[in-house]
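Contents: one structure, followed by commentary.
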Amino acid sequence: HFDKAYELENELELRGKTELLKMARSVVPDNVSCIYIRQQEALGLGHAVLCARHVVGNEPFAVILADDLIRVEPAALPQMMDVYEHYNSSVLAVQNVPRSQIKQYGVVKGREWEKGILKLDGIVEKPHPDKAPSTLGVVGRYILTPRIFEHLEGIQAGSGGEIQLTDAIARLLAKEQVLAYEFQGKRFDCGSKLGYLEATVEFALEHPELKADFQNYLKTLKYPE
């Protein structure tokens, strides 16, 4: 579904469904090429990133985790790109999370350079709430320098028996500057059932074609006590 769908586009064109045809053709921008890489085993995010090394080469790159949906204009990644271009350093997106949920995140420790930007002194994967160095959790947006691959190749399986990207970033910190950026915007954790439902409802309530009917539907619901 990220390639040209000749049969679908032909059918839409024959039926005069120009808006749907335009939507189908705009899924992938003209200046974007999609390359697919299979992760043969579920060995963690760090391993997944390492699988893309031969495609990335010696260039900085972004990692986007689709289950973290961030709503803001400009988007979180362009915000981070501005930080990267200014400091020429890897950048991790972070946000304050409740301490009770901190064990679900990689957690950073650092010193604030300017509003919303921290120079990292450390990072730890899924710490116990009592031992977490802060309440700033890393969410699914990263801009990384290619040197991260050296560290991914050299680490052993960590938390959960997986190759953790967090562990490689901790090693990268010893070699070069890494920054954390408290992005502007609302994040939906679509990796959780509740977060997925929250995102669905909020986006539906602002959809130009659906919002009125959806609002009316919600008003008809009767909630069990």
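Number of residues in the stretch 99-120 that are in contact with a helix residue (DSSP H, G or I) (Cβ under 8 Å, 6 or more places away or on another chain) and crowded, with 20+ Cβ neighbours inside 10 Å: the value is 3. Answer yes if at least one residue in the stretch 102-115 is farther than 19 Å from Ile148 by Cα and of a type in the set (Ser, Thr, Tyr), and no otherwise. Yes: one or more hits.
Only residues that are closer than 13 Å to Phe183 by Cα and surrounded by 16 or more Cβ atoms within 10 Å (Cβ to Cβ): list them for the stretch 85-96, please. Passing the criteria: Val91, Leu92, Ala93, Val94, Gln95. Among all positions in the stretch 118-132, there is no residue which is modelled with pLDDT under 90, under 19 Å from the mean Cα position of the chain (by Cα) and farther than 25 Å from Phe149 by Cα. Among the residues here, Lys109 does not qualify as in contact with a Lys or Arg (Cβ under 7 Å, 6 or more places away or on another chain) and either assigned to a strand (DSSP E or B) or assigned by TED's automatic domain parsing to the domain that holds Ile70 (or both). Restricting the stretch 121-138 to residues that are in contact with a Ser or Thr (Cβ under 9 Å, 6 or more places away or on another chain) and not basic (Lys, Arg) leaves a set whose member that is surrounded by the fewest Cβ atoms within 10 Å (Cβ to Cβ) is Pro129.
For every residue, the table says whether it meets (1) outside any loop (DSSP other than H, G, I, E, B); (2) in the same structural domain as Pro78 (by TED's automatic domain parsing).
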| position | (1), (2) |
| --- | --- |
| His151 | yes, yes |
| Ala157 | no, yes |
| Asp167 | yes, yes |
| Ala170 | yes, yes |
| Glu176 | no, yes |
| Leu179 | yes, yes |
| Arg187 | yes, yes |
| Ala199 | yes, no |
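Screening the candidates Pro133, Pro146 for the property of being assigned to a loop (DSSP other than H, G, I, E, B) and more than 24 Å from His54 (Cβ to Cβ) yields one hit, Pro133.
The values are calculated or read from the model by the stated rules, or taken from the named source; none is laboratory data. For clarity, every value in this text was computed on a predicted model and none was experimentally measured. Neighbour counts run over all protein chains shown; Cβ positions are idealised from the backbone, glycine included.
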